[in-house]
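Taken together, the values in this text are just the output of simple stated rules run on the coordinates, not laboratory data. These numbers were taken from a predicted model, which means no experiment stands behind them. Cβ: placed from backbone, ideal geometry, glycine included. Neighbour counts: every protein chain shown.
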Amino acid sequence: MTTASTSIATTSTAAAPIAPTATAAAPGAVATLAPRELGDVELVVLDMAGTTVVDDGGVEQAFALASERSGIALDDFERSLQYVRDTMGQSKIEVFRVLADGDEEAAQRANAAFEGAYAEIVERDGAAEVEGAADVIRELREAGASVVFTTGFAPTTRDAVLDALGWRDLADLALSPVDAGRGRPFPDLPLTALLRSGATSVSSMVVVGDTSSDVEAGTRAGAGLVVGVLTGAHDRAALEGAGAHAVIESIRDLPALLGLRGA
Ligand SMILES: [Mg+2]
């Protein structure tokens, strides 16, 4: 049975489906574990900051500004900053709820300060793609896969980043935690991407991210392939420890991992 209506534009049905192979990884593409049985890839879910968009410490700068402006976590700033690093990729409001120790008003105030500070940083410094990311996304879509961005940012921050890159129409869809329910490490973001894309099975979904929370969300969603990248917050050990099926240097190596190049 076909899906009567999907909310996102799908690419040409004439395009050949991606046939993933575990062979001939390109230089730099290090498949640390053999991919599990993977059907044709219908959907690729990509994290933003650290995976497709360069994070040059902007998130930490925004957190420092938010702390200053809202007063949250000021008395134990270093420990709080470490918590922000460890939970990178998770819903920012959830992170602030923990730091505010149950004070919902303080958490909301800090989150608003964070979103404002991050928007200022993007406005001032612009945003840059992880080298090759846009080309990879176009290649995946041309091969017939839907591509969905996911992020822990609120929609206004997410859209400010996409606008700074001219990326509003690059992927099929972009999702923030509020669009899905719970943020990472819960499976809501990838599962919402799956439902919205009309993909036929969780095994046809590939989830890619730079944090252990991204990886955990992908495995909890049952994705056929969960891939960690080393261009962001967490290292190989953290990504593998969270259950990544493969870890690659960069999003640039994804097409080869999926058998699109170098086969
Ligand atoms: Mg990230």
Net dipole in debye of segment 58-125 [+1 Lys, Arg Cβ; -1 Asp, Glu Cβ; about Cα centre; nearest 20]: 120 debye
Calculated SAXS-style log₁₀ I(q)/I(0) at q = 0.16, 0.17 Å⁻¹ - segment 158-254, Debye, Cα scatterers: -0.68, -0.77
Compactness of segment 58-125 as Cα Rg over 2.2 N^0.38 Å, two decimals: 0.99
Rg followed by Dmax, in Å, when segment 67-208 is reduced to its Cα trace: 16.6, 51
Top positive-direction residue, dipole computed over segment 103-246 with Cβ charges, set G232, L170, F186: F186
Relative packing of peptides 189-195, 211-217, 158-164 - highest average C-beta neighbours within 10 Å first: 211-217, 189-195, 158-164
Two-decimal Rg/Rh across segment 117-186, once Rg and the Kirkwood Rh are taken from alpha-carbon atoms: 0.99
